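Q: Pasting a structure below so you can have a look.
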Amino acid sequence: MEAIEQAKTLEAKALSEIENSGDEVSLERAFNAYLSKKGQIAGLMSLMKDIPPEDKAIFGQAVNGAKKMIGEAYEAKRKEFEGKALSEKLATEKIDISLPGATLAQGHINPYYQIIDEVSDIFLDMGYEVVEGRDVETDHYNFELLNVPKDHPSRDMQDTFYISDELLLRTQTSAAQAHTMGERKGLSPIRMICPGKAYRRDDDDMTHSHQFAQIEGLVVDKNISIANLKATLDLFVKKMFGEKREIRLRSSYFPFTEPSVEVDVSCFNCGGKGCSMCKGTGWIEILGAGMVNPKVLEMCGYDSKVWSGFAFGVGVERVAILRYGIDDIRRFYQNDARFLKDYIGK
Ligand code: DAH
């Protein structure tokens, strides 16, 4: 029967075209040509009307057989292409896990910030708040309200970077005292510390820097006495430098405190016997402090007959230098990763 021959020929042609298709595009072209709704296999059905009834079944089977064979060949070829594409992708994207990884250099907290964090924790535990000061200050807050008028001799030691006659880079975090008292309007007690940078005109060398950090402390309440100051600083020093440390107060002078003291800690290197670290004295100076000068209380809005207070200022680098044995103050600001790494977690 001629129609069956035609079906067989078509089948053979389709199979060879599929088999020989070199890529997915030509495979799809073969699919469209033979197997799609308007393809040549579907076209064979139009011959059905001319086939004698007794042969219709055989012809139908031949057409269906061809369709099945071609369909299977198409599927097999498609899978083959898919598999090839996948293995090519795997080959090009292969990761060599034996290569050393790209390690990221680990950053470290500057010892300067470690000290600020530690001191802040100690005072937070004692119920203090940590306030933020401002690096750019007015002459009024940095000096005047702290009892340092324009012609005061102590200004000579605190020359700084002036932005204008009235605006400057603060020379001391003590300016935060005046701000805090002003904000509370003389109404409520204060327990605060203010860590931050301070600036002074200075020639930088191993022990001097035009930029340094301080932590200011201020307590204002009723019936505050120098005994409270002493107890607070004693506790601070023991937490910071060890339980065995003692403090010693020496009288001193600051315009904003009266009386004023310089506070020494017993040498943690020799335990007070005398060594090179404490220059043979057994004591190391660590901070300035005093009872808030009643004049300052008044200027900042607190009635000095009702309120009294104490204040202190700690040099952050000084504490870090003593704590870590750092030889050069400039190291804190150079951000040399090797230096930072050396003092991590000490
Ligand atoms: N502001 C002082 C300085 O920079 C340090 C200081 C001393 C702060 C005594 C205080 C204080 O609050 O009571 O040298």
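The values are calculated or read from the model by the stated rules, or taken from the named source; none is laboratory data. Quick caveat: nothing in here was measured; it's all calculated off a predicted structure. A quick note on method: Cβ atoms are made from the backbone with ideal geometry, for glycine too, and the neighbour counts reach across all protein chains shown. Note: accessible area is taken over every heavy atom of the protein model, side chains too, but ligands, DNA and RNA are not part of it. Shrake-Rupley method; radii C 1.70, N 1.55, O 1.52, S 1.80 Å.
Q: Does the stretch 96-169 classify as rounded, prolate or oblate by the C-alpha gyration tensor (a ≥ b ≥ c root eigenvalues; a/c under 1.5 gives rounded; else a/b over b/c gives prolate, otherwise oblate)?
A: In terms of gyration-tensor shape, prolate.
Q: Same structure again: How compact and how long is the chain, expressed as Rg and Dmax of its alpha-carbon atoms in Å?
A: In Å, with Rg to one decimal and Dmax whole: 43.5, 129.
Q: For the chain, what does the relative contact order come out to in percent, with C-alpha contacts under 8 Å and a separation of six or more?
A: Once normalised by length, the contact order is 15 percent.
Q: Ranked highest first by average number of other Cβ atoms within 10 Å, how do 270-282, 60-72 line up?
A: Top of the packing list down: 60-72, 270-282.
Q: Also, quick follow-up: Using the Kirkwood formula over every pair of different C-alpha atoms, what hydrodynamic radius in Å results for the stretch 226-334?
A: One over the average 1/r among Cα pairs gives 15.2 Å for the stretch 226-334.
Q: Can you give the FRET efficiency for LYS197 and LYS341, using 1/(1 + (r/R0)^6), R0 = 22 Å, r = Cβ-Cβ distance, to the nearest 0.05?
A: 0.40
Q: Mean projection of the alpha-carbon convex hull of the stretch 273-334 over all orientations, in nm²?
A: Computed as one quarter of the Cα hull surface, the answer is 6.8 nm².
Q: Could you pull the accessible area for ASP205 with a 1.4 Å probe, rounded to 10 Å²?
A: Surface accessible to solvent at ASP205 totals approximately 60 Å².
Q: Hey, another quick one. Could you sort out which of LYS239/LYS305; LYS8/LYS56; LYS38/LYS77; LYS150/LYS197; LYS197/LYS244; LYS150/LYS222 sit more than 26 Å apart by Cα distance in this structure?
A: LYS239/LYS305; LYS197/LYS244; LYS150/LYS222
Q: Taking Cα atoms of the stretch 66-118, Rg/Rh with Kirkwood Rh, to two decimals?
A: That ratio equals 1.66.
Q: Would you give the gap between the C-alpha center of the stretch 209-248 and the C-alpha center of the stretch 2-40, rounded to a whole Å?
A: 94
Q: With labels modelled as points extended 7 Å from the Cα through the Cβ direction, what inter-label distance (nm, one decimal) is found for MET277 paired with SER252?
A: So the label points at MET277 and SER252 sit 2.0 nm apart.
Q: Just the number: Rg to Rh for the stretch 248-291, Cα atoms, Kirkwood Rh, two decimals.
A: Looking at the stretch 248-291, the ratio lands at 1.10.
Q: Taking the alpha-carbon distance from LYS13 and a cut-off under 14 Å, which aspartates and glutamates remain once sequence neighbours fewer than 8 residues away in the same chain are dropped?
A: Reachable aspartates and glutamates: GLU5.
Q: Counting just the Cα atoms, what span does the stretch 125-256 cover along each of its three principal axes? Round to the nearest Å and put the largest first.
A: 44, 42, 26
Q: What fraction of the DSSP beta bridges in the chain is antiparallel, stated in percent and rounded to the nearest 5?
A: Once the DSSP bridges in the chain are tallied, antiparallel ones form about 95 percent.
Q: Okay, moving on. For the pair ALA42 and SER98, how long in nm is the line joining their label points, each one 7 Å along Cα→Cβ?
A: So the label points at ALA42 and SER98 sit 5.6 nm apart.
Q: In Å and from the alpha-carbon atoms only, list the Rg and Dmax of the stretch 1-132.
A: Cα only, the stretch 1-132: 35.9, 108 Å (Rg, Dmax).
Q: If the stretch 1-79 were replaced by its equivalent ellipsoid, with semi-axes equal to the square roots of 5 times the Cα gyration tensor eigenvalues, what would those be, largest first, whole Å?
A: 25, 11, 9
Q: I would also like to ask the following. When Lys and Arg each count +1 and Asp and Glu each count -1, what net charge do the other residues less than 14 Å away from ASP125, Cβ to Cβ, add up to?
A: After counting each charged neighbour, the total is -1.
Q: Where Rh denotes the Kirkwood radius from the mean inverse Cα pair distance, what is Rg over Rh for the stretch 195-275?
A: Rg/Rh: 1.01.
Q: GNM, the chain, Cα, under 10 Å: largest mean-square fluctuation among ILE58, ILE329, ILE95?
A: ILE58
Q: Residues with beta-carbon under 14 Å from that of SER251, excluding SER251: net charge, scoring Lys, Arg +1 and Asp, Glu -1?
A: Every neighbour counted, the sum reads -1.
Q: So for each of 175-183, 303-311 I average, over its residues, the number of other beta carbons within 10 Å; can you give me the resulting order with the highest mean first?
A: Descending packing order for the listed peptides: 175-183, 303-311.
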